[in-house]
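The values are calculated or read from the model by the stated rules, or taken from the named source; none is laboratory data. Keep in mind the model is a prediction, meaning the values are calculated, not measured. Cβ placement follows ideal geometry from the backbone for every residue including glycine, while neighbour counts extend to all protein chains displayed. Note: accessible area is taken over every heavy atom of the protein model, side chains too, but ligands, DNA and RNA are not part of it. Shrake-Rupley method; radii C 1.70, N 1.55, O 1.52, S 1.80 Å.
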Amino acid sequence: QVQLVESGGGLVQSGGSLRLSCVASGLPFSNALMSWYRQAPGQERELVAAIFSTGSTKLTDALKDRFTISRDNAKNTLFLQMNSLKPEDTAVYYCNAVYGSPYWGQGTQVTVSP
């Protein structure tokens, strides 16, 4: 059974930083495509960043100057470093893994106050 457990969300002031983590189990993590998505209230879920098994990354253009995605295959952990946070970054952030099928974590709330 695949499990993705996110952590690291919380309340932060505008301009602050957060580091999200996602611990994966039940799949060959190093071979999986891993991504972060987010969903703000009343909006559709959107891709934030992805990291391939090769280590190459893809970030949404609007976020690539502030967010960084990385992975530690030895610890089956995915990270999202978020800097210079803005109120519009407020959302539930979801970890996603693709290995044959897509899998989702339960999400972690990020709230950025003005």
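Looking at Ser21, Ser25, Ser14, Ser56, just one residue is among the polar types (S, T, N, Q), in contact with a helix residue (DSSP H, G or I) (Cβ under 8 Å, 6 or more places away or on another chain) and on the phi < 0 side of the Ramachandran plot, and that residue is Ser14.
The residues of segment 1-29 that are outside any strand (DSSP E or B) and under 16 Å from the mean Cα position of the chain (by Cα), listed by number, are Gly8, Gly9, Ser17, Phe29. Annotation note: Cβ proximity below 7 Å between a residue of segment 69-83 that is under 16 Å from Ser56 (Cβ atoms) and a residue that is open to solvent by 30 Å² or more (accessible area, probe 1.4 Å) and not in a strand (DSSP E or B) (sequence gap 6+ or interchain) occurs for Asn73/Ser30. Within segment 30-39, no residue satisfies the criterion of being closer than 12 Å to Thr90 by Cα and in a loop (DSSP other than H, G, I, E, B).
Residue by residue, here is whether (1) free of Cβ contacts under 8 Å to residues at least 12 places away in the same chain; (2) more than 27 Å from Pro114 (Cα to Cα); (3) out of contact with any Lys or Arg (no Cβ under 8 Å at 6 or more places or on another chain); (4) open to solvent by 50 Å² or more (accessible area, probe 1.4 Å) holds:
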| site | (1), (2), (3), (4) |
| --- | --- |
| Ser7 | no, no, yes, yes |
| Val12 | no, no, yes, no |
| Asn31 | no, yes, yes, yes |
| Ala50 | no, yes, no, no |
| Thr54 | yes, yes, yes, yes |
| Thr57 | no, yes, yes, yes |
